[in-house]
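Chemist: Starting off with a structure, shown below.
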Amino acid sequence: MAADDNRPSDKLAEKLGAVRIGTCAFTAAGWPGAFYPAGLQPRDFLAYYATQFDSVEVDSTFYHSPPARTVEGWRLKTPDDFIFAAKVPQIVTHEKCLRDCDTEFREFVAVMEILGPKLGPMLLQFPYFNQSDFESCDDFYLVLIPFLKRLPREHKFALEIRNKQWLDARFAETLREYNVALALQDQSWMPTPTQMKFDYVTADFTYVRLLGDRKGIEKQTKVWDKVIVERAKEIWHWVDVCATTVRRGAATYVYVNNHFAGHAPTTVREFQRLWNAKGMPELGRPRPLPPPADAGAGADEPAKPSRAKAARAGRAPDTSKEPTLFD
């Protein structure tokens, strides 16, 4: 039987959660000529990207809140149904670790609101915390819970932690109380959803990040123009996870990093192919180019050196074997 014959009826599909899948950032070394047509100007990258995928996780916001003109440019260069996810700036999550950061956080949310209905989840990506940051998870709760209470309820937020010993039913229930999604990550030292002994769906949406082994793959390449690591088994796993969250009615956002396999756009297309083969609501239909727009910047800004490293340099070294990655 053809995969299309197994697709849910229109009535059932309306009850299922929607899936958005894209890449972590929309520019990378090696993409021109491999993903973007040769000769395409950087100012046109985002508009082209939006013909291929319907969502992106913006990485540049991790380094600083973007100028209003840049965000307006993102809005104008994408179709009406395009969705932006964005990282909360590191000054909130890494440098101040949620302490005394209300001004910076409010400024970030305000500028992202320029996107209007195109604004999707905002991601609080935390590093691996050692005892110089928080002596225990209980100490983290002391700043986390007041921060969660102050989150604007009209927006979606996801939270990613990299201290696997903190991931338990209590942590999930804390996020659930404030409708904050636990970010599910593909990283070697973090548990997969099937290894979690608690309900990992903590909000009315789910947030998935396929990050991979940054250190390992960068030993082979730092030019992201082709697949380096075969990860079909892992993609199947995440397709199954997302099918589960969708059937539970949770809108699901999936973002792929180049470090996952070597070329994030190819991984996205493979995910779409395997997803469609399961008979789920179809992903990956072609999209028309939006009308030309002159306002704002058209490309994700290049990564800048992490100020968090400088801010944390005077602290006790982390003796854990689990690295802190800014994926």
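Chemist: In whole Å, largest first, what are the principal axis extents of the Cα atoms in region 40-167?
Modeler: Over region 40-167, Cα extents along the principal axes are 49, 25, 21 Å.
Chemist: Are there GluC sites (Glu not before Pro) in region 125-217 that DSSP puts in a loop and that have at most 15 other Cβ atoms within 10 Å, and which ones? Write down the numbers at each step before the final one.
Modeler: On the way: sites: Glu135, Glu154, Glu160, Glu173, Glu177; in loops: Glu135, Glu154.
Sites meeting the loop and neighbour criteria: Glu135, Glu154.
Chemist: Then there is this: Considering Cα pairs under 8 angstrom that are at least six residues apart, work out the relative contact order of region 163-254 and quote it in whole percent. All intermediate terms of the calculation are to be shown ahead of the outcome.
Modeler: Working: 96 pairs, mean separation 27.2, N = 92.
Relative CO of region 163-254 lands at 30 percent.
Chemist: Exceeding 29 Å between C-alpha atoms, which entries from my cross-link table qualify? They are Lys96/Lys149; Lys156/Lys197; Lys149/Lys222; Lys87/Lys219; Lys197/Lys233; Lys118/Lys222. Mind dumping the intermediate values first?
Modeler: Working: Lys96/Lys149 18 Å; Lys156/Lys197 25 Å; Lys149/Lys222 40 Å; Lys87/Lys219 26 Å; Lys197/Lys233 22 Å; Lys118/Lys222 31 Å.
Pairs exceeding 29 Å: Lys149/Lys222; Lys118/Lys222.
Chemist: Per residue, how much accessible area does region 150-235 have with a 1.4 Å probe, in Å²? Please list the in-between numbers first.
Modeler: Working: 4160 Å² over 86 residues.
Averaged over the residues of region 150-235, the accessible area is 48 Å².
Chemist: Any idea how far the Cα center of region 141-216 sits from the one of region 39-64, in Å?
Modeler: 25
The values are calculated or read from the model by the stated rules, or taken from the named source; none is laboratory data. Everything numeric here is computed off the predicted structure, so don't read it as measured data. When we count neighbours, we look across all protein chains shown, and the Cβ atoms used for this are built from the backbone with ideal geometry, even at glycine. Surface areas here come from the heavy atoms of the whole protein model, side chains and all, with no ligands, DNA or RNA. Shrake-Rupley method; radii C 1.70, N 1.55, O 1.52, S 1.80 Å.
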